[in-house]
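*Asks:* One structure is given below, represented as structure tokens, and several questions about it will come after.
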Amino acid sequence: MQNTKNLIGELISEAIAVTIIIFIGCSAAAMLLMYDPSPYQNAYWGVAISWGLSVTFAIYVTGSISGTHANPAVTLALALFRNFSWKKVPAYIIAQVFGGICGAVLVYCMYYSVIDHYNVVHHLTRPLGGGAGVFVTSPGLTVTPIHAFFNEILLTAFLVFSIFAITDEYNTIAPQANSGALIIGFVVAAIGASAGYLEGWAINPARDLGPRIFIYLAGWGPSAFPGLPSYWWGPIFGPLLGGVMGGGAYQLFIKPFLSRTS
């Protein structure tokens, strides 16, 4: 009974964590895309740091309950390399995607009128993708879906590699205790600031899939699935592969050389 109660708490925690991330991050995306002139037109770092701090806030709120994976790629890597229970993996991922849906609902409640106005002004509709960029990622200028997919592998590998380093108890140079949450947020922000224009730096399947499910149901239809272009699969499978690669790289190239003595 206690184990069941603990698992329920962990799943609620994971859903809330992703809700927080999407609520803050996609709201920043709305500020970037829906307003002319954009408040971030010459300050994209503002968008990147918003996403990064959303991760920091999520960790501070839920870290003591579930560890704040908040990302299926992180959950998978932890199961492979850090003894996280495989039995919990499917439930964690479902909770994370559900959190993505909930976060998208909250953003929509705040910005639906702004999105509709934007579409009218620009002669767009939801099925044609008007406003979809508030919620989901897609390849940027000159970036094909295949290129974006491999970018997501690389960027997520860097993310998980960094998370493993920051949270390794034997890495004495890593930030200690609660400051780790802030540094992980800065990692997310740095990835966005350096590569966000490529395809929106999903680096998290739940970050894209949850909102994508919501906008599909909210009238975006084909601009959600299969997406414009047909890219729905990229932000799901790219980060999953990247997380495994990043975690594996840390375990292979860094972990064996850390001192185990206190």
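*Asks:* Kindly check whether there is at least one residue in region 12-19 that is at pLDDT 95 or above, under 22 Å from residue 130 (Cβ atoms) and surrounded by 21 or more Cβ atoms within 10 Å (Cβ to Cβ).
*Replies:* The answer is no, given that none of the residues of region 12-19 is at pLDDT 95 or above, under 22 Å from residue 130 (Cβ atoms) and surrounded by 21 or more Cβ atoms within 10 Å (Cβ to Cβ).
*Asks:* Hey, another quick one. Considering only region 82-98, state which residues are surrounded by fewer than 18 Cβ atoms within 10 Å (Cβ to Cβ) and assigned to a helix (DSSP H, G or I). First the steps, then the outcome.
*Replies:* Here is the first cut: in region 82-98, the ones surrounded by fewer than 18 Cβ atoms within 10 Å (Cβ to Cβ) are 82-83, 85-87, 89-91, 94.
Scanning region 82-98 gives 86, 87, 89, 90, 91, 94.
*Asks:* Next question, about the same structure. Of all residues in region 204-235 being open to solvent by less than 10 Å² (accessible area, probe 1.4 Å) and not in a helix (DSSP H, G or I), which is nearest to residue 101 (Cα to Cα)?
*Replies:* Within region 204-235, the match that is nearest to residue 101 (Cα to Cα) is 224.
*Asks:* Still on this structure, please answer the following. How many residues are surrounded by 17 or more Cβ atoms within 10 Å (Cβ to Cβ) and either free of Cβ contacts under 8 Å to residues at least 24 places away in the same chain or among the hydroxyl-bearing types (Ser, Thr, Tyr) (or both) when one looks only at region 99-115?
*Replies:* Matching residues across region 99-115 total 2.
*Asks:* If you don't mind, another one. Inspect region 39-52 for any residue being closer than 20 Å to residue 161 by Cα and of a type in the set (S, T, N, Q) and give the result as yes or no.
*Replies:* No, region 39-52 has no match at all.
*Asks:* Would you point out which residue out of 66, 50, 54 is in contact (Cβ under 8 Å) with a residue 24 or more places away in the chain, farther than 23 Å from residue 137 by Cβ and touching a helix residue (DSSP H, G or I) at 6+ places or on another chain (Cβ under 6 Å)? Lay out the reasoning, then the answer.
*Replies:* On the way: 50 fails: farther than 23 Å from residue 137 by Cβ; 54 fails: farther than 23 Å from residue 137 by Cβ.
Every option except 66 fails the conditions.
*Asks:* Only one of these is over 16 Å from the mean Cα position of the chain (by Cα), modelled with pLDDT of 95 or more and not charged (D, E, K, R): 184, 215. Name it. Talk me through it step by step, then tell me what you get.
*Replies:* Numbers: 184 fails: over 16 Å from the mean Cα position of the chain (by Cα).
Exactly one of 184, 215 is over 16 Å from the mean Cα position of the chain (by Cα), modelled with pLDDT of 95 or more and not charged (D, E, K, R), namely 215.
*Asks:* So if I check each of 190, 157, 165, 195, which one is open to solvent by less than 70 Å² (accessible area, probe 1.4 Å), part of a helix (DSSP H, G or I) and without any contact (Cβ under 8 Å) to a residue 60 or more places away in the chain?
*Replies:* Only one candidate qualifies: 195.
*Asks:* Then there's this: Six or more apart or on different chains, Cβ atoms under 8 Å: show the pairs whose first residue is in region 28-46 and touching a residue at least 12 places away in the same chain (Cβ under 8 Å) and closer than 14 Å to residue 197 by Cα and whose second is part of a helix (DSSP H, G or I) and open to solvent by 50 Å² or more (accessible area, probe 1.4 Å).
*Replies:* Qualifying pairs under 8 Å: 33/118; 40/31; 44/193; 44/197; 45/193.
*Asks:* Kindly provide the set of residues from region 236-259 that are farther than 15 Å from residue 158 by Cα and either among the small types (Gly, Ala, Ser) or open to solvent by less than 30 Å² (accessible area, probe 1.4 Å) (or both), ordered by number. Spell out the reasoning first.
*Replies:* The first filter runs over region 236-259 and keeps only residues farther than 15 Å from residue 158 by Cα, leaving 236-237, 255-259.
Within region 236-259, 236, 259 qualify.
*Asks:* Of everything in region 116-134, what is open to solvent by 80 Å² or more (accessible area, probe 1.4 Å) and under 26 Å from the mean Cα position of the chain (by Cα)? Give them in sequence order.
*Replies:* Matches in region 116-134: 128 only.
*Asks:* Please specify each residue of region 124-150 satisfying the condition of being of a type in the set (A, V, I, L, M) and in contact (Cβ under 8 Å) with a residue 12 or more places away in the chain.
*Replies:* Within region 124-150, 128, 132, 134, 136, 141, 143, 148 qualify.
The values are calculated or read from the model by the stated rules, or taken from the named source; none is laboratory data. Just so it is clear, the model here is predicted, and its values are computed rather than measured. When we count neighbours, we look across all protein chains shown, and the Cβ atoms used for this are built from the backbone with ideal geometry, even at glycine. Keep in mind that these areas ignore ligands, DNA and RNA; they rest on the heavy atoms of the full protein, side chains included. Shrake-Rupley method; radii C 1.70, N 1.55, O 1.52, S 1.80 Å.
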